[in-house]
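Below: one structure, written as structure tokens.
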Amino acid sequence: MHPVITRRHALGLLTAASILPSRTFGNVAPQRSEVREGLAKRFTEDGTVGTFVGYKVDDYLVIASDTDRSGEAKLPASTFKIPNSLIALETGVVADPDKDVFKWDGVKRGIEAWNKDHTLRTAIAASAVPVYQEIARRIGQERMQKYVDLFEYGNRNIGGGIDQFWLTGDLRIDPVQQVDFVDRLRRGVLPISKRSQELVRDILPVTSVGDATIRAKSGLLGAELGKPSLGWMVGWAQKGDAQTVFALNMDCSEPRHIADRMKLTQQFLGDIGAI
């Protein structure tokens with residue numbers, strides 16, 4: 001098999017033999033990867049550009065829609081709510097995702113679902129940026145950096161403001177790194193307590209598609225400004241006992257593209273036989 005996916009990022013130069021770090025899988029089986037460029041036509045048909053990476057767990061197979069954008073690091077936007085939730089629970093900033101309440105600050109924002117009190121569970125469902133900005137401020141720079149390093153999350157750079165680094169600051173992560181991180185959460189092998197990981201797996205928004213379920217977090221750059229530009233969808237799908245971890249990002253130049261993130265995700269998961 002010749003190299004089909006190469007990229008330069010914090011996890012190293014990766015090729016067809018292993019596009020994700022070997023530690024992700026232990027010594028269970030060699031992992032395979034392939035590019036299916038036909039997948040990319042779905043973005044073209046939707047009037048945009050993007051990338052999709054799926055990891056079929058049982059097959060040890062990583063499937064990507066392209067060789068380039070799948071390795072390009074971008075701001076994570078609200079997909080960072082996944083690690084932010086883990087860190088909040090692990091540090092005790094949030095003790096209980098259903099009981100600890102973050103009071104609305106009274107500032108009316110353009111997204112109505114943000115204009116009320118939230119628990120961690122309702123905040124991640126509404127993707128309430130102001131709540132997670134407050135959580136990040138309570139965590140603080142030092143502890144945030146510690147856990148971003150522990151998670152080996154993206155480029156690990158949280159410069160640009162403790163409540164902005166994932167929205168407008170210096171943090172960057174590519175789709176392959178997203179898949180690696182989410183897969184470690186799915187398996188409960190991140191270097192933090194099992195409890196924190198179980199709770200975050202439980203509060204992730206769930207979408208049912210036939211007899212399959214998708215646990216996923218969206219992200220949208222510029223959402224709070226009403227100027228969307230880049231959309232994410234990361235998570236994992238389960239059908240029976242089979243699980244597939246995925247990451248999608250796409251340019252969101254039109255309002256309809258915001259909803260299309262999940263629509264396209266489901267189409268891609270169908271294309272690769274995951275749902």
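Below, the figures for the structure above:
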{"quantity": "Amide hydrogen neighbours beyond the local backbone of Leu230, cut-off 5 Å, H modeled", "calculated": "Leu221, Cys252"}
{"quantity": "For region 89-105, Karplus couplings with θ = phi - 60° (6.51, -1.76, 1.60), whole Hz, Gly/Pro x", "calculated": "6, 5, 8, x, 4, 10, 8, 9, x, 10, 10, 6, 10, 9, 6, 4, 7"}
{"quantity": "Assigned charges on the beta-carbon of Lys, Arg, Asp, Glu; the chain dipole about Cα centre (debye)", "calculated": "320 debye"}
{"quantity": "Sequence-separation-based contact order of the chain, relative, with Cα cut under 8 Å and 6+ spacing, percent", "calculated": "20 percent"}
{"quantity": "Among Pro76, Val93, Asn115 the positive-end extreme of the charge dipole of region 35-150 (Cβ point charges)", "calculated": "Asn115"}
{"quantity": "Potential extension, Arg201-Tyr60 segment - 0.36 nm per residue separation minus Cα distance", "calculated": "48.6 nm"}
{"quantity": "Dipole axis of region 178-267 (+1 Lys, Arg; -1 Asp, Glu on Cβ), positive-most option in Val206, Gln267, Pro191", "calculated": "Pro191"}
{"quantity": "Interchain or long-range residues, amide H under 5 Å from Gly140's placed H", "calculated": "none"}
{"quantity": "Lys pairs under 17 Å by Cα in the chain, provided they are eight or more residues apart or on distinct chains", "calculated": "10"}
{"quantity": "Residue-wise HN-Hα coupling along region 206-220, computed from phi with Karplus coefficients 6.51, -1.76, 1.60 (Hz; x: Gly, Pro)", "calculated": "10, 10, 9, 10, x, 9, 10, 10, 10, 9, 7, 10, 8, x, 8"}
{"quantity": "5 angstrom amide H check on Arg172, placed H, neighbours 5+ away", "calculated": "Asn155, Arg156, Asn157"}
{"quantity": "Residue-averaged [θ]222 nm for the chain, counting only DSSP H segments that reach four residues, each worth -39500 (n - 2.57)", "calculated": "-9000 deg cm²/dmol"}
{"quantity": "Of all accessible heavy-atom area on the chain, the percent that carbon and sulfur account for (1.4 Å)", "calculated": "50 percent"}
{"quantity": "Ordering of 161-173, 77-89 by packing [mean C-beta count within 10 Å, highest first]", "calculated": "77-89, 161-173"}
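The values are calculated or read from the model by the stated rules, or taken from the named source; none is laboratory data. All of these numbers come straight from a predicted model, not from anything done at the bench. Here Cβ is always computed from backbone atoms with ideal geometry, including for glycine, and neighbour counts include all displayed protein chains. Side chains included, ligands, DNA and RNA excluded: accessible areas come from the protein's heavy atoms. Shrake-Rupley method; radii C 1.70, N 1.55, O 1.52, S 1.80 Å.
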